[in-house]
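Since the structure comes first, as structure tokens, the remarks are kept for the end.
The values are calculated or read from the model by the stated rules, or taken from the named source; none is laboratory data. What you see is a predicted model, and the numbers here were worked out from it, not measured in a lab. Neighbour counts run over all protein chains shown; Cβ positions are idealised from the backbone, glycine included. Quick note on the areas: whole protein, heavy atoms, side chains included, nothing else; ligands and nucleic acids left out. Shrake-Rupley method; radii C 1.70, N 1.55, O 1.52, S 1.80 Å.
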Amino acid sequence: MKKIVFYIVLSSIMSSIITVAAYKQYAKEETSLFPYTTTSPLARTKFTSSDSSSLVSSAGFPDFTRVVSKTIHAVVNVKNYSKKYNNQFDPFDFFFGFPDDFGNSRGRKPQRNDTPGLHGSGVIISPDGYIVTNNHVIKDAEKIEISLSDQRTYKAKLIGTDSSTDIALLKINEKNLPFIYFSDSNKVQVGEWVLAIGNPFDLNSTVTAGIISAKNRSLGILRGETQSAIESFFQTDAAVNPGNSGGALINANGELIGINTAISSASGNFIGYSFAAPSNLVAKVIQDIKKYGTVQRAYLGVRGMDLSKTEYLKAYNKETHQNIKSQQGFLIGEVFEKSGASDAGLKKGDIIKSIDGKLIQNVADLSFIVGTKYPGDKVKVNVIRNRQKKTFNVILKDLQGRTKIRTKEEITPSELLGAIFEPLSSEYKKDFGIGYGIRIVEIRTGRLSAIGLEEGDIILSINGEKMKKPHDVDRVLKKYSGDVTIKSIKQNGQVYIAGFEMN
């Protein structure tokens, strides 16, 4: 009998030891699910799995009060003061699908720049006043004003923009501000709870809830702004309306997983779908803007199509006499000379199936993965060629074919402005009745595109100094820090004055 009791006690002890050991191992595995610091250098924190019990009320319904209380004060109202807009909605009508009679300012008197033409949202991402928002919220702004949730207002400095991702970085002069940590957007899953915080219709500090409906959505809304658009949006059913642009999409931990950018609607109001730029892409963009003054963008060097688009695939098969089936992947239709893809041996007709082990299901996957890389980064590209699997090691390059990140000192002012200039011909001087100026012949993402200048516009002066030759730009702005004033003539003959800050 004693032996039986002994074995029962021993068995219980061993069972307890095993249980404790298993729990410790499980707990170790649980915490290691999020052991990484954020991809953004602006906020360093460890990720922790959410406490699901805190998200459920006593009635059994979701309860987000704790999450909201620690994040809502970090979402701000962004006001765009510009003569160009005289309505309170976003300048890119297609972001919200407005009918033609909305935002049509033809025939109306120009608005003074002491009245905000646009309202949007922004997210404080550091205690010293850095704020991220959408580029289309602050585009063409002559003055940007930030209002906190406690109604304190500040004039914001435009640090930089990126039209390829529709992201802009602002700065206000304040300390000890509430801010939101970045989360790893690669870990976001379809079906998880999310909250959208912003200022729809200029209604401050509005919170809506929903779930992640889909990932890696490409809408084509940015391609009108730039040929190098990167679209890989989160799709959610959290209500987002005009004024939410630039606001926060947060997870159940109160961490930033995206910047709300657009909705899909014919009326301009929410009908069930909204889209947000993922935080990893946002973090990369604002890190580059802050550190280098411009986005250090890498390119694979290919053009092609999404193999899920059956109508295009049929046309391609007919043209090339092939029988490629609809599938996940990206079909290369062109490889650019002297690009990383060309150097590595990728060819037209190759089907990209994965990059660095990450599956490529569509063009959104491809643009996102490459969009978070830097010139000089090496990636492993797996393709299908003639029904055979092949692997290529590609060194990514920038648009100029460089494979290195350049410091602020190595980047010329003209590059920061994002434009190529040419001397003004006698014909243009005669047509516009001017004796000097330089013409913009090519414009990319940069300071000038952010303030509304376009190809064909003529720059008359920078900081009061007349522009006669393209190198005058670098001469005036070399090693310059502070406010920059650009006086130009638009293609319609209108004199246009705008500015930004170089630091």
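Identify all residues within segment 233-245 that are among the small types (Gly, Ala, Ser) and closer than 18 Å to Gly220 by Cα; write none if there are none. So that I can check it myself, show each step before the final result.
Residues of segment 233-245 among the small types (Gly, Ala, Ser): 238-239, 243, 245.
Result: Ser245, single match.
Pick from Gly435, Gly499: which is in contact (Cβ under 8 Å) with a residue 24 or more places away in the chain, outside any helix (DSSP H, G or I) and not β-branched (Val, Ile, Thr)?
Result of the check over Gly435, Gly499: Gly499.
Residues checked against (1) part of a helix (DSSP H, G or I); (2) charged (D, E, K, R); (3) farther than 24 Å from Asn216 by Cβ:
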| position | (1), (2), (3) |
| --- | --- |
| Tyr312 | yes, no, no |
| Lys318 | yes, yes, yes |
| Gln328 | no, no, no |
| Ile332 | no, no, no |
| Lys348 | no, yes, yes |
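Which residues, taken from segment 210-230, are modelled with pLDDT of 90 or more and open to solvent by 50 Å² or more (accessible area, probe 1.4 Å)?
Ile211, Lys215
Check whether at least one residue in segment 269-280 is open to solvent by less than 50 Å² (accessible area, probe 1.4 Å), under 19 Å from the mean Cα position of the chain (by Cα), small (Gly, Ala, Ser) and modelled with pLDDT under 85, and report yes or no.
No: zero hits.
Being touching a residue at least 24 places away in the same chain (Cβ under 8 Å), assigned to a strand (DSSP E or B) and open to solvent by 10 Å² or more (accessible area, probe 1.4 Å) is the filter here, so list the residues in segment 461-484 that pass it.
Scanning segment 461-484 gives Ser461, Lys466.
Within the set of pairs 6+ apart or on separate chains, which have a first residue in segment 190-208 that is modelled with pLDDT under 95, a second that is outside any strand (DSSP E or B) and open to solvent by 60 Å² or more (accessible area, probe 1.4 Å), and C-beta atoms under 7 Å apart?
Sorted first by the residue in segment 190-208, then by its partner, the pairs are Asp202/Gln88.
In segment 232-254, is there at least one residue being modelled with pLDDT of 90 or more, among the acidic types (Asp, Glu) and more than 21 Å from Ala364 (Cβ to Cβ)?
No; the residues of segment 232-254 include none that is modelled with pLDDT of 90 or more, among the acidic types (Asp, Glu) and more than 21 Å from Ala364 (Cβ to Cβ).
Looking at Ser354, Ser367, Ser414, Ser342 in this structure, which one is open to solvent by less than 60 Å² (accessible area, probe 1.4 Å), outside any loop (DSSP other than H, G, I, E, B), under 30 Å from Val476 (Cα atoms) and modelled with pLDDT of 85 or more?
Ser414
Report whether or not Tyr374 is without any contact (Cβ under 8 Å) to a residue 40 or more places away in the chain and surrounded by fewer than 20 Cβ atoms within 10 Å (Cβ to Cβ). Please lay out each step first, then the result.
Working: without any contact (Cβ under 8 Å) to a residue 40 or more places away in the chain: no; surrounded by fewer than 20 Cβ atoms within 10 Å (Cβ to Cβ): yes.
Criteria not met by Tyr374.
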